[in-house]
């Protein structure tokens with residue numbers, strides 16, 4: 001019998017230690033002091049509003065922002081977005097939009113995302129006869145970052161220090177590269193041909209940011225667009241086989257998965273090319289699918305496929321009476337709904353996604369933010 005002072009480790013204990021080591025190896029731990037966001041309406045905290053683009057001014061109207069900010073801020077939701085919850089988890093201020101603010105506001109990061117932004121530049125769509133609603137592509141946002149960077153740090157060494165302690169969120173981006181052609185009559189086959197170009201644009205941006213000094217980058221995939229009330233309304237089908245068990249359009253979700261698979265393949269290539277950088281894939285698709293698979297269990301009893309704010313119809317989405325415009329009405333309690341306005345999600349749905357990303361299994365490699373001050377609050381979340 002081994003004595004109480006024996007240093008021999010039992011077999012079960014050894015296995016446990018090895019498993020813990022494996023988990024640590026596959027988990028990225030970091031304490032980030034700055035946050036830089038690139039993307040579209042899923043992350044815009046006010047840039048389009050400040051750009052005075054009147055063609056898409058819906059988010060400047062109430063009830064946008066009603067839940068948390070009590071006023072419209074330019075966010076396409078009733079409250080906070082995923083990037084806001086990540087900032088709160090890091091213990092830093094909510095990121096200001098790039099447009100309309102002075103450099104002194106950017107000490108803890110900046111948000112370059114713009115409603116309607118695409119990964120590909122405007123010229124790509126003009127050549128294909130596709131109309132896009134903003135000219136703030138990923139390439140434009142990257143140039144904003146490059147122009148701003150010298151004002152954020154006094155020397156190259158200080159820039160390296162700052163950027164090495166920053167978390168870069170590159171996306172979600174690409175949704176509008178597909179939304180615009182889809183809704184203007186392009187076929188799925190034509191859209192699938194665009195996907196490699198979108199992935200290339202995202203990849204080149206990641207490479208450029210790494211060249212500038214970025215060390216940790218999180219790159220989200222696309223959401224399950226087949227569950228969006230806007231698509232469910234505009235592309236309504238009489239063929240029941242077009243829908244999955246959750247009521248989502250299967251072929252559209254398969255398209256989202258096609259984009260996400262190509263993106264993950266490219267991120268694997270980038271990891272090999274840049275071993276000193278940490279490139280994290282955020283699985284927005286599967287964490288969001290939980291909302292459509294288990295809405296009642298998660299407390300979304302108002303509905304997963306029906307917009308909280310809209311102008312009526314089976315999914316409460318009406319292109320002639322969008323949320324924020326005359327003819328639309330909002331639900332009493334947005335926290336009971338997954339979808340906010342037919343396109344974007346509610347604050348509580350974004351909270352679910354951010355909690356799954358920060359505390360759940362939906363990142364590759366797993367991320368463990370070492371300086372989290374407070375987890376995103378959601379008592380019903382399985383990863384809280």
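The values are calculated or read from the model by the stated rules, or taken from the named source; none is laboratory data. Bear in mind that the values here come from a model prediction, so they are computed numbers and not experimental data. Glycine also receives a Cβ, built like all others from the backbone with ideal geometry; neighbour counts cover every protein chain displayed.
Structure notes:
- Residue within the range 121-138 that is over 18 Å from residue 48 (Cβ atoms), at pLDDT 95 or above and touching a helix residue (DSSP H, G or I) at 6+ places or on another chain (Cβ under 6 Å) present: yes
- Candidates 67, 118, 134, filtered to the one that is touching a residue at least 12 places away in the same chain (Cβ under 8 Å) and more than 20 Å from residue 172 (Cα to Cα): 67
- Looking across 148, 167, 142, one residue alone is surrounded by fewer than 17 Cβ atoms within 10 Å (Cβ to Cβ), in contact (Cβ under 8 Å) with a residue 24 or more places away in the chain and touching a strand residue (DSSP E or B) at 6+ places or on another chain (Cβ under 8 Å). It is 148.
- Those residues of the range 319-329 which are in contact (Cβ under 8 Å) with a residue 60 or more places away in the chain, touching a strand residue (DSSP E or B) at 6+ places or on another chain (Cβ under 9 Å) and within 19 Å of residue 232 (Cα to Cα), in sequence order: 322, 323
- Looking only at residues of the range 352-379 that are assigned to a loop (DSSP other than H, G, I, E, B) and in contact with a strand residue (DSSP E or B) (Cβ under 6 Å, 6 or more places away or on another chain), we find that the one that is modelled with the highest pLDDT is 365.
- Single match in 228, 204 (criterion: modelled with pLDDT of 95 or more, farther than 24 Å from residue 287 by Cα and under 20 Å from the mean Cα position of the chain (by Cα)): 204
- Selection status of residue 163, within 20 Å of residue 92 (Cα to Cα), within 23 Å of the chain's Cα centre (by Cα) and assigned to a helix (DSSP H, G or I): yes
- With respect to the stated conditions, residue 203 is in contact with a helix residue (DSSP H, G or I) (Cβ under 6 Å, 6 or more places away or on another chain) and either part of a helix (DSSP H, G or I) or without any contact (Cβ under 8 Å) to a residue 12 or more places away in the chain (or both).
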